[in-house]
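Accompanying notes for the structure given below.
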Amino acid sequence: SQQGEEDPQALSIQEGENATMNCSYKTSINNLQWYRQNSGRGLVHLILIRSNEREKHSGRLRVTLDTSKKSSSLLITASRAADTASYFCAPVYSGNTPLVFGKGTRLSVIA
Amino acid sequence: GAGVSQSPSNKVTEKGKDVELRCDPISGHTALYWYRQSLGQGLEFLIYFQGNSAPDKSGLPSDRFSAERTGGSVSTLTIQRTQQEDSAVYLCASSLAGDRGRGAQHFGDGTRLSIL
């Protein structure tokens, strides 16, 4: 399968703690994207990291990419209850292939 | 500005009926995608439209599923002779990127389809 695989499947933390989610993929990518999905809503694009980038920041989000290990991680610092959602990674492969999503990581931030 | 709009937000129908799901993409977005999400699962790619090019229908699960995009804007996903396994949330997304997946996709909130 071309989809990314997120790990862990579920994560529960206290408000203020950091949350780390991982994504592994199979073949060379053009870029990798992370999305968030709140219950009953569509996905929201969070961040895109290109294959020649190693780290990217956006507010409390930090994404790293290790192309040698074919993996990426999403770190949310100082988590808030509002961060409770499912998080998906989507590796974007070269060529004309569809964007594929894994099953996501369900993050619960407890106030 | 307006985001991707999908209608209806919920649809309940009997097995065997046909259903039409509508997607209004963000104005100016040339790429449009349909996905299906079953409970607790990831997104399953269904179909992709890009401008005037022939759509990529490689993800459609059966010939009961079809989609069209009129005037390069609004899209309709049609499911004929619905089955219970068609129950899912159908998500639409649009993108500025001409090359699929190279840029961010903007999603609607989906249509929750329930087949009785």
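The values are calculated or read from the model by the stated rules, or taken from the named source; none is laboratory data. A quick note: this is a predicted structure, and the numbers were derived from the prediction, not measured. Because the Cβ atoms are built from the backbone with ideal geometry, glycine has one as well, and the counts that use them run over all protein chains shown.
Quick check, is B:Phe49 in contact with a helix residue (DSSP H, G or I) (Cβ under 9 Å, 6 or more places away or on another chain) and more than 14 Å from every other protein chain (Cβ to nearest Cβ)? Write out each step before concluding.
Values: in contact with a helix residue (DSSP H, G or I) (Cβ under 9 Å, 6 or more places away or on another chain): yes; more than 14 Å from every other protein chain (Cβ to nearest Cβ): no.
Considered against the rule, which asks whether it is in contact with a helix residue (DSSP H, G or I) (Cβ under 9 Å, 6 or more places away or on another chain) and more than 14 Å from every other protein chain (Cβ to nearest Cβ), B:Phe49 comes out as no.
Which of the residues belonging to the range B:43-54 are part of a strand (DSSP E or B) and farther than 16 Å from B:Leu96 by Cα?
B:Leu43, B:Glu44, B:Phe45, B:Leu46, B:Ile47 - these are the residues of the range B:43-54 that are part of a strand (DSSP E or B) and farther than 16 Å from B:Leu96 by Cα.
Do any residues in the range B:34-47 that are on the phi > 0 side of the Ramachandran plot have Cβ atoms under 6 Å from those of residues that are of a type in the set (Val, Ile, Thr), where the two are at least six apart or on different chains, and which pairs are they?
So the pair list comes out empty.
Mind telling me which of the residues A:Gln3, A:Gln37 ends up being surrounded by 14 or more Cβ atoms within 10 Å (Cβ to Cβ) and more than 12 Å from the chain's Cα centre (by Cα)?
Checking each option against the conditions leaves just A:Gln3.
How many of the residues making up the range A:68-81 are farther than 20 Å from A:Asn18 by Cα and either within 15 Å of the chain's Cα centre (by Cα) or outside any loop (DSSP other than H, G, I, E, B) (or both)?
Qualifying residue count, the range A:68-81: 1.
Quick check on the range B:66-116: of everything there that is surrounded by fewer than 18 Cβ atoms within 10 Å (Cβ to Cβ) and on the phi > 0 side of the Ramachandran plot, which residue is modelled with the highest pLDDT?
Out of the qualifying residues, it is B:Arg81.
Here are some residues: B:Gly28, B:Gly40. Which one is part of a loop (DSSP other than H, G, I, E, B), at pLDDT below 90 and more than 9 Å from chain A (Cβ to nearest Cβ)?
Result of the check over B:Gly28, B:Gly40: B:Gly28.
Out of all the residues in the range A:46-67, which are assigned to a loop (DSSP other than H, G, I, E, B) and not charged (D, E, K, R)?
A:Ser51, A:Asn52, A:Gly59, A:Thr67
In the range B:1-10, which residues are surrounded by fewer than 18 Cβ atoms within 10 Å (Cβ to Cβ) and either among the acidic types (Asp, Glu) or not in a loop (DSSP other than H, G, I, E, B) (or both)?
Within the range B:1-10, B:Ser5, B:Ser7, B:Asn10 meet the criteria.
If you go through the range A:52-111, how many residues are in contact (Cβ under 8 Å) with a residue 60 or more places away in the chain, of a type outside the set (Ser, Thr, Tyr) and more than 14 Å from chain B (Cβ to nearest Cβ)?
Residues meeting the conditions: 8.
Does B:Ser58 satisfy being without any contact (Cβ under 8 Å) to a residue 60 or more places away in the chain, more than 11 Å from B:Cys23 (Cα to Cα), small (Gly, Ala, Ser) and surrounded by fewer than 17 Cβ atoms within 10 Å (Cβ to Cβ)?
Values: without any contact (Cβ under 8 Å) to a residue 60 or more places away in the chain: yes; more than 11 Å from B:Cys23 (Cα to Cα): yes; small (Gly, Ala, Ser): yes; surrounded by fewer than 17 Cβ atoms within 10 Å (Cβ to Cβ): yes.
For B:Ser58, the condition - without any contact (Cβ under 8 Å) to a residue 60 or more places away in the chain, more than 11 Å from B:Cys23 (Cα to Cα), small (Gly, Ala, Ser) and surrounded by fewer than 17 Cβ atoms within 10 Å (Cβ to Cβ) - is met.
Specify the residue that is nearest to A:Thr77 (Cα to Cα); the eligible residues are those in the range A:1-29 that are touching a Gly at 6+ places or on another chain (Cβ under 8 Å) and small (Gly, Ala, Ser).
Looking at the filtered set, the residue picked out is A:Ser24.
With the condition kept exactly as written, say whether any residue in the range B:61-77 is within 8 Å of chain A (Cβ to nearest Cβ) and aliphatic (A, V, I, L, M).
Within the range B:61-77, the first condition is being within 8 Å of chain A (Cβ to nearest Cβ), and the residues that meet it are none.
The answer is no; no qualifying residue exists.
State the number of residues belonging to the range A:7-28 that are more than 15 Å from the chain's Cα centre (by Cα) and assigned to a strand (DSSP E or B).
Number satisfying all stated conditions: 3.
Taking A:His45 as meeting all but one of (1) closer than 24 Å to B:Leu96 by Cα; (2) surrounded by fewer than 17 Cβ atoms within 10 Å (Cβ to Cβ); (3) within 14 Å of another protein chain (Cβ to nearest Cβ), write down the number of the exception.
Of (1) closer than 24 Å to B:Leu96 by Cα; (2) surrounded by fewer than 17 Cβ atoms within 10 Å (Cβ to Cβ); (3) within 14 Å of another protein chain (Cβ to nearest Cβ), only one is false for A:His45: (2).
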